[in-house]
Amino acid sequence: MLKELTKTRKKQFDVTIFQTPMFNQKKGYKQVYRIMVESADHDECLGSVFKKFNVLDRLPADFRGRYISTGDILYIDEGRRGQCYYQLQPGGWQEINRIHIR
């Protein structure tokens, strides 16, 4: 019962996926998909988006990008709480500046 009372609240995150036209390019990021994700924090949100877009059976029907891979960028918008950009690096997700997206 105590676990139910201290349950973390889940929030809605507006997530946008940016990818380059070809794998392993450094410039030319374009928005390929936008989705609302419900999770407790950014780490959980990043994990659920990665899982959803790396399994063929879970991909949305209107998704026109490729699987999420190294170098791809996720933009998380929390409205008034701020915005964050994360890029997938070989060691995991790293927060980056907006300047990388052109």
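The values are calculated or read from the model by the stated rules, or taken from the named source; none is laboratory data. Not measured: the values here are computed from a predicted model. Positions of Cβ are backbone-derived with ideal geometry, glycine not excepted, and every protein chain shown enters the neighbour counts. Areas reflect the complete protein model, heavy atoms only, side chains present, ligands, DNA and RNA absent. Shrake-Rupley method; radii C 1.70, N 1.55, O 1.52, S 1.80 Å.
One table, with the values for the structure above:
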quantity	calculated
Search result, residues across the range 81-102 that are surrounded by 11 or more Cβ atoms within 10 Å (Cβ to Cβ) and among the hydrophobic types (A, V, I, L, M, F, W, C)	C84, L88, W93, I96, I101
Qualifying positions in the range 22-66 - of a type in the set (F, W, Y) and exposed (fewer than 14 other Cβ atoms within 10 Å of the Cβ)	F23
Counted residues, the range 15-42 - those being among the charged types (D, E, K, R) and at pLDDT 95 or above	1
Residue that is least open to solvent (accessible area, probe 1.4 Å) [pool: residues in the range 67-80 that are in a loop (DSSP other than H, G, I, E, B), of a type in the set (S, T, Y) and within 15 Å of Q94 (Cα to Cα)]	S69
